[in-house]
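The values are calculated or read from the model by the stated rules, or taken from the named source; none is laboratory data. The structure displayed is predicted, hence computed values, not measured ones. Reconstructed Cβ throughout: ideal geometry from the backbone, glycine too, with neighbour counts over all protein chains shown. Keep in mind that these areas ignore ligands, DNA and RNA; they rest on the heavy atoms of the full protein, side chains included. Shrake-Rupley method; radii C 1.70, N 1.55, O 1.52, S 1.80 Å.
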Amino acid sequence: MEILKTISSVKQHLRTLKTQNRAVGLVPTMGALHQGHLELIRQSKKQTDITFVSIFVNPIQFNNPEDLQKYPRTLSSDLEILANEGVDMVFTPSESEMYPHAVMMEFDFGSMEQVLEGRFRPGHFNGVAIVVSKLFHILQPDISFFGQKDIQQVAVIQRMVNDLSYPIKIEVVPTMREADGLAMSSRNQRLSKEGRALASILYKVLSKCKDELLRGEQWLHIKNKVIQEMLEPLDIKSEYLELVELSSFSPVNNLTPEKPYAVCIAAHIEEVRLIDNIIIRTDHI
Ligand code: AMP
């Protein structure tokens, strides 16, 4: 496995690969790897000839300095995991390699970034789009793999790829979960044993919302009920709990047949910000 830290070394490496006409898959990550990341890597290995993984904790997508400072960094064990998975190349640039100058340009995703994550983390999607865009230019993948766990991020990146005609296919991989339903996340490491046990309520809330929506219950009624009956008794405050229509990411109050939706949640448990979502298909209602 090649471990490359500079853009120029990647360029050199790519020169040889491109002459061999092999399909390159990219899995962008911020490290602290878990099974969710490994699922993306396994999909890349299935669908492409060569798999690149990037590990870079991107400072410009954090709107909260404490969250950035506390983000887990486990590079040496990450590299061991990646070597065992048979990854071909890992790109682990320094901050100064990625951002030798402060970035001036900004992405604006309009209404798509005024809700949910965009609303509660101002500037987050601009930071994501800048780093993913740079990684796409540097690593030139044919397919890039992203997790459904960050569903609004997928929507924003797909939009960027469409709007700017990147010659890259975006593949979305379903959320990997712990046995009790909690979505795997690097942030879960920061929870105490009690916090970790509490955190499984988020997926239970999402599943309950989905069941009730498909039974024809009104969204606002469901939302108030799960907040009062499932979250408040555990003293958990959700930052948001919304039903969104997937193509526009607009919050809605009702399902319409034949459209995909998602219920999305963000909540703090022991100061750790967790997000999750569940997709709702209405083809059959
Ligand atoms: P991160 O390192 O948190 O930036 O995540 C890197 C990629 O892994 C993103 O595309 C995430 O959506 C994806 N990912 C994170 N957690 C999971 C999970 N539990 N299941 C599937 N993909 C995930």
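Structure notes:
- Highest-fluctuation residue, Q20, Q228, Q114 considered, GNM on the chain with Cα pairs under 10 Å: Q20
- Here the peptides 7-14, 127-134 are ranked by packing, the mean other Cβ count within 10 Å, and the order with the highest first is 127-134, 7-14.
- Largest to smallest accessible area among R22, R196, R121, R73 [probe 1.4 Å]: R73, R22, R196, R121
- Estimated at the nearest 10 Å², the accessible area of E2 is 90 Å² with a 1.4 Å probe.
- Rounded to whole Hz, the Karplus (6.51, -1.76, 1.60) HN-Hα couplings of segment 228-239, x for glycine and proline: 5, 8, 10, 8, 4, x, 9, 6, 9, 9, 7, 6
- Within a Gaussian network of the chain (alpha carbon springs, distance under 10 Å), most fluctuating of R190, R119, R215: R215
- 28 Å Cα-Cα threshold exceeded, pairs from K45/K134; K134/K193; K46/K208; K18/K169; K149/K225; K208/K259: K134/K193; K46/K208
- Average projection, convex hull of the Cα set of the chain: 15.4 square nanometres.
- The long axis of helix 7-19 is offset from the longest Cα principal axis of the chain by roughly 80 degrees.
- The chain: angle of helix 75-85 to the longest principal axis, Cα-based, in degrees nearest 10: 80
- The charge dipole of the chain, taken about its Cα centre with unit charges on the Cβ of Lys, Arg, Asp and Glu (plus for the first two, minus for the last two), comes to roughly 460 debye.
- GNM top mover of P28, P167, P72 - the chain, alpha-carbon springs below 10 Å: P167
- Between N224 and E270, the simple spin-label model (points 7 angstrom out along Cα→Cβ) gives 3.4 nm.
- Counting charges near A179 (Lys, Arg +1; Asp, Glu -1) among other residues having Cβ under 14 Å from its Cβ returns a value of +1.
- Extents of segment 125-223, taken as max minus min of Cα coordinates on every principal axis and listed largest first, are 42, 37, 22 Å.
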